[in-house]
Amino acid sequence: MSGRPILTAAETKAAEEAVFARGVSVFGLMTKAGRAAAEIAWDRFGPRETLVLCGPGNNGGDGYVIAARLRECGVRVRVAASGDPTTDAAREARRAWGGPVEVLDEAAPAPLVIDALFGTGLSRPLKNKIAEPASRLLAAAAYRVAVDLPSGIATDDGAVLTELPPAHLTVALGALKRAHRLMPAAARCGEVVVADIGLGDPPRGVIEIGRPPIAAPGFEANKYTRGKVVVAAGRMPGATMLASLAAQRAGAGYVELLGAEGEGVPHALVRRAWDDEALADKRIGAMVIGPGLGTEGEGRRRLDLALATDHPLVLDADALTLLARDGLDRLPARKALAVLTPHGGEYARLFPDAGGTALDKALVGARKTGAVILLKGVCTVVAHPDGRAAIGAPAPAWLASAGTGDVLAGILGTMLAQMDDPFEAAQAAVWLHSEAGRRAGPLLIADDLVEHLRGAVAGCLA
Ligand SMILES: NC(=O)C1=CN([C@@H]2O[C@H](COP(=O)(O)OP(=O)(O)OC[C@H]3O[C@@H](n4cnc5c(N)ncnc54)[C@H](OP(=O)(O)O)[C@@H]3O)[C@@H](O)[C@H]2O)[C@@H](O)CC1
Ligand SMILES: [K+]
């Protein structure tokens with residue numbers, strides 16, 4: 001699985017330096033970036049009257065290139081600048097534009113506004129003399145396109161230093177930056193499209209969660225080779241049922257709901273009364289424990305039994321509450337890695353001292369526990385104790401409803417049972433869950449996700 005890299009400002013600069021070392025000039029790269037951004041904006045919004053807001057640095061330089069390219073395309077385009085360019089490349093871009101440049105706070109609005117005020121070089125909040133006219137012009141636009149990043153946003157931690165009207169489209173130049181995938185900035189970017197400017201092969205320390213390659217079963221497959229997943233039942237049958245159904249529809253060959261009595265639909269789900277011995281089955285590929293488990297007596301005992309096995313574990317919901325209460329020290333000693341799937345509140349109870357971005361938090365949690373952390377959020381983060389991390393694109397907001405976490409836990413159980421690397425398995429689960437949500441659409445409930453998993457998985461078959 002290889003998602004797109006998500007860079008810091010310093011990593012971006014290093015990647016650009018590597019391009020310059022090959023003989024490309026700053027203005028050459030800026031020209032490529034600006035033209036690519038103009039063409040993406042043109043494709044999306046067509047020949048609308050356009051106002052380009054240009055800042056003093058190379059982001060502003062991109063803006064002049066964009067204006068010139070849109071003019072070539074026959075668009076009625078104006079430029080307004082916060083001041084004179086301060087870099088050689090931006091000065092060259094302004095000369096190449098050659099048209100009038102309005103003063104920012106005197107500029108009239110336009111239906112399409114392109115924000116090329118500040119990109120990765122923003123170092124502090126904007127002063128009012130820039131923020132006020134920028135805000136007025138952006139708010140009056142029907143469509144807002146941000147060049148590289150919406151201005152006012154800190155590249156590396158996704159902080160909003162100055163709040164401006166959010167972009168509808170952000171053209172990320174060369175590669176995604178952290179702010180495109182970290183909240184609160186991610187919610188200000190709108191759709192994010194990466195323009196290829198030939199950045200080469202930037203570092204892949206943090207990647208975006210991409211579509212997982214999933215293989216159809218081979219001729220030799222049997223139900224166990226496709227993964228046996230055990231879901232621990234507890235006090236809330238609905239939650240464990242959702243996790244079990246999701247594990248089935250994600251492709252596990254055998255799903256056992258351990259601790260559930262009786263018969264029911266689907267008949268393919270194996271229900272079995274709780275039996276401690278059942279956990280000794282070597283064919284178990286993964287165990288899901290926590291959804292609907294309960295946080296007292298028997299729930300705690302079942303968690304203790306699960307932690308004492310060598311099975312890959314999904315630890316979710318009530319299991320996380322119990323771990324927060326009883327301590328995390330048993331996790332690093334386990335032979336197989338576990339995956340913990342906290343949402344923000346559960347994370348805070350597990351790691352009350354941790355701060356920073358969701359990425360920082362997931363990495364700290366993974367290091368402290370020796371487990372993979374899947375930190376749920378708008379952009380879910382997956383981190384491995386060895387320092388690898390991946391961030392999901394924003395998931396459909398309709399997923400914010402009861403039971404969707406249980407479905408994720410079930411999908412993850414199957415991915416863990418089928419894949420060798422729990423880091424890859426966690427990413428696959430996040431992607432499939434989000435894709436099922438996208439397919440289910442508005443007003444989804446958790447049960448709908450189960451129905452849409454087949455389509456989501458089918459879309460990943462090689
Ligand atoms: N590097 C390359 O070759 C390529 C880069 N590309 C593009 O360049 C962008 C990065 O360019 P950049 O480094 O020039 O930074 P940028 O975002 O334009 O801002 C820096 C300027 O803003 C100023 N400034 C900062 N904060 C401020 C504030 N609050 N209020 C007022 N001023 C403030 C700061 O001044 P100073 O902090 O020194 O006072 C400086 O003058 C990148 O996002 C991409 O779009 C592409 O063209 C491809 C080639
Ligand atoms: K910008």
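The values are calculated or read from the model by the stated rules, or taken from the named source; none is laboratory data. No experiment lies behind these values; they were computed from the predicted model shown. Methodologically, a virtual Cβ is constructed for each residue, glycine included, from the backbone with ideal geometry; neighbour enumeration extends over all protein chains shown.
Go through the residues of the range 300-322 one by one and say whether even a single one is part of a strand (DSSP E or B), among the charged types (D, E, K, R) and either touching a residue at least 24 places away in the same chain (Cβ under 8 Å) or closer than 19 Å to Leu242 by Cβ (or both). Step through it out loud before you land on a result.
Pass one, the range 300-322, residues part of a strand (DSSP E or B): 313-315.
Remaining after also requiring among the charged types (D, E, K, R): none.
No; the residues of the range 300-322 include none that is part of a strand (DSSP E or B), among the charged types (D, E, K, R) and either touching a residue at least 24 places away in the same chain (Cβ under 8 Å) or closer than 19 Å to Leu242 by Cβ (or both).
Looking at the range 57-72, is at least one residue more than 26 Å from the chain's Cα centre (by Cα), within 13 Å of ligand 2 (Cβ to nearest atom) and in a loop (DSSP other than H, G, I, E, B)?
Yes, the range 57-72 contains a residue that is more than 26 Å from the chain's Cα centre (by Cα), within 13 Å of ligand 2 (Cβ to nearest atom) and in a loop (DSSP other than H, G, I, E, B).
Report, ordered by the first and then the second residue, all pairs with beta carbons closer than 7 Å, sequence separation of six or more or different chains, a first member in the range 134-153 that is under 16 Å from Pro111 (Cβ atoms) and of a type in the set (Phe, Trp, Tyr), and a second member that is in a strand (DSSP E or B) and more than 10 Å from ligand 1 (Cβ to nearest atom).
Tyr143/Leu112
Among the residues of the range 46-56, what is the count of those that are crowded, with 24+ Cβ neighbours inside 10 Å and either more than 10 Å from ligand 1 (Cβ to nearest atom) or part of a strand (DSSP E or B) (or both)? Please lay out each step first, then the result.
Within the range 46-56, the subset crowded, with 24+ Cβ neighbours inside 10 Å is 50-55.
This time we only want the ones that are either more than 10 Å from ligand 1 (Cβ to nearest atom) or part of a strand (DSSP E or B) (or both), so: 50-54.
Result for the range 46-56: 5.
From the list Pro202, Pro166, Pro184, pick out the single residue that is in the same structural domain as Asn58 (by TED's automatic domain parsing) and modelled with pLDDT under 95. Give the derivation first.
Details: Pro166 fails: modelled with pLDDT under 95; Pro184 fails: modelled with pLDDT under 95.
One residue alone meets the criteria, Pro202.
Just to check your reading of the model, which residue among Gly218, Gly234, Gly205 is surrounded by fewer than 21 Cβ atoms within 10 Å (Cβ to Cβ), of a type outside the set (Phe, Trp, Tyr) and more than 27 Å from Ala36 (Cα to Cα)? Before you say what the answer is, go through the steps one by one.
Working: Gly234 fails: surrounded by fewer than 21 Cβ atoms within 10 Å (Cβ to Cβ); Gly205 fails: more than 27 Å from Ala36 (Cα to Cα).
Residue meeting the stated conditions: Gly218.
Can you tell me which residues in the range 109-128 are free of Cβ contacts under 8 Å to residues at least 12 places away in the same chain and part of a loop (DSSP other than H, G, I, E, B)?
To start, the set of residues in the range 109-128 that are free of Cβ contacts under 8 Å to residues at least 12 places away in the same chain comprises 123, 127-128.
Within the range 109-128, Ser123, Lys127 qualify.
For the condition closer than 26 Å to Gly387 by Cβ, assigned to a helix (DSSP H, G or I) and in contact (Cβ under 8 Å) with a residue 12 or more places away in the chain, what is the one hit in Ala186, Ala247? Break it down into steps so the answer makes sense when it comes.
Values: Ala247 fails: closer than 26 Å to Gly387 by Cβ.
Of Ala186, Ala247, the one residue that is closer than 26 Å to Gly387 by Cβ, assigned to a helix (DSSP H, G or I) and in contact (Cβ under 8 Å) with a residue 12 or more places away in the chain is Ala186.
Considering Ala38, Ala107, Ala90, Ala10, which residue is within 13 Å of ligand 1 (Cβ to nearest atom), more than 30 Å from Ala429 (Cα to Cα) and surrounded by fewer than 22 Cβ atoms within 10 Å (Cβ to Cβ)?
Working: Ala38 fails: surrounded by fewer than 22 Cβ atoms within 10 Å (Cβ to Cβ); Ala107 fails: within 13 Å of ligand 1 (Cβ to nearest atom); Ala90 fails: surrounded by fewer than 22 Cβ atoms within 10 Å (Cβ to Cβ).
Only one candidate qualifies: Ala10.
Can you pull out every residue in the range 392-411 that is in contact (Cβ under 8 Å) with a residue 60 or more places away in the chain and either closer than 16 Å to Glu451 by Cα or touching a Lys or Arg at 6+ places or on another chain (Cβ under 6 Å) (or both)? Spell out how you get there, then give the answer.
Start the filter on the range 392-411 by keeping residues that are in contact (Cβ under 8 Å) with a residue 60 or more places away in the chain, which leaves 392-394, 403, 405-411.
Passing the criteria: Gly403, Gly405, Asp406, Val407, Leu408, Ala409, Gly410, Ile411.
Please go through the range 273-290 and give me each residue that is among the charged types (D, E, K, R) and either in a loop (DSSP other than H, G, I, E, B) or modelled with pLDDT under 95 (or both), ordered by number. Lay out the reasoning, then the answer.
Step one: filter the range 273-290 for residues among the charged types (D, E, K, R), giving 275-277, 281-283.
If the condition is that a residue be among the charged types (D, E, K, R) and either in a loop (DSSP other than H, G, I, E, B) or modelled with pLDDT under 95 (or both), then Asp275, Asp281, Lys282, Arg283 are the ones that fit.
Tell me the residue from Ala131, Ala159 that is within 18 Å of Gly377 (Cβ to Cβ) and hydrophobic (A, V, I, L, M, F, W, C), please. If you could, list the steps in order and put the result at the bottom.
Numbers: Ala131 fails: within 18 Å of Gly377 (Cβ to Cβ).
The unique qualifying residue is Ala159.
Could you check how many residues of the range 31-65 are closer than 16 Å to Leu104 by Cα and β-branched (Val, Ile, Thr)?
Start the filter on the range 31-65 by keeping residues that are closer than 16 Å to Leu104 by Cα, which leaves 50-57, 59-61, 63-64.
From what is left, the residues that are β-branched (Val, Ile, Thr) are 50, 52.
Within the range 31-65, residues that are closer than 16 Å to Leu104 by Cα and β-branched (Val, Ile, Thr) number 2.
Could you tell me whether Ala93 is part of a helix (DSSP H, G or I), under 29 Å from the mean Cα position of the chain (by Cα), modelled with pLDDT of 95 or more and more than 14 Å from ligand 2 (Cβ to nearest atom)? Before the answer, list the steps.
On the way: part of a helix (DSSP H, G or I): yes; under 29 Å from the mean Cα position of the chain (by Cα): no; modelled with pLDDT of 95 or more: yes; more than 14 Å from ligand 2 (Cβ to nearest atom): yes.
No.
Is it fair to say Pro125 is surrounded by fewer than 18 Cβ atoms within 10 Å (Cβ to Cβ) and within 15 Å of ligand 1 (Cβ to nearest atom)?
Working: surrounded by fewer than 18 Cβ atoms within 10 Å (Cβ to Cβ): yes; within 15 Å of ligand 1 (Cβ to nearest atom): yes.
When the stated conditions are applied, Pro125 passes them.
Before we move on, is Leu331 closer than 22 Å to Gly410 by Cβ, assigned to a helix (DSSP H, G or I) and aliphatic (A, V, I, L, M)?
Values: closer than 22 Å to Gly410 by Cβ: yes; assigned to a helix (DSSP H, G or I): no; aliphatic (A, V, I, L, M): yes.
Spelling it out, it is not the case that Leu331 is closer than 22 Å to Gly410 by Cβ, assigned to a helix (DSSP H, G or I) and aliphatic (A, V, I, L, M).
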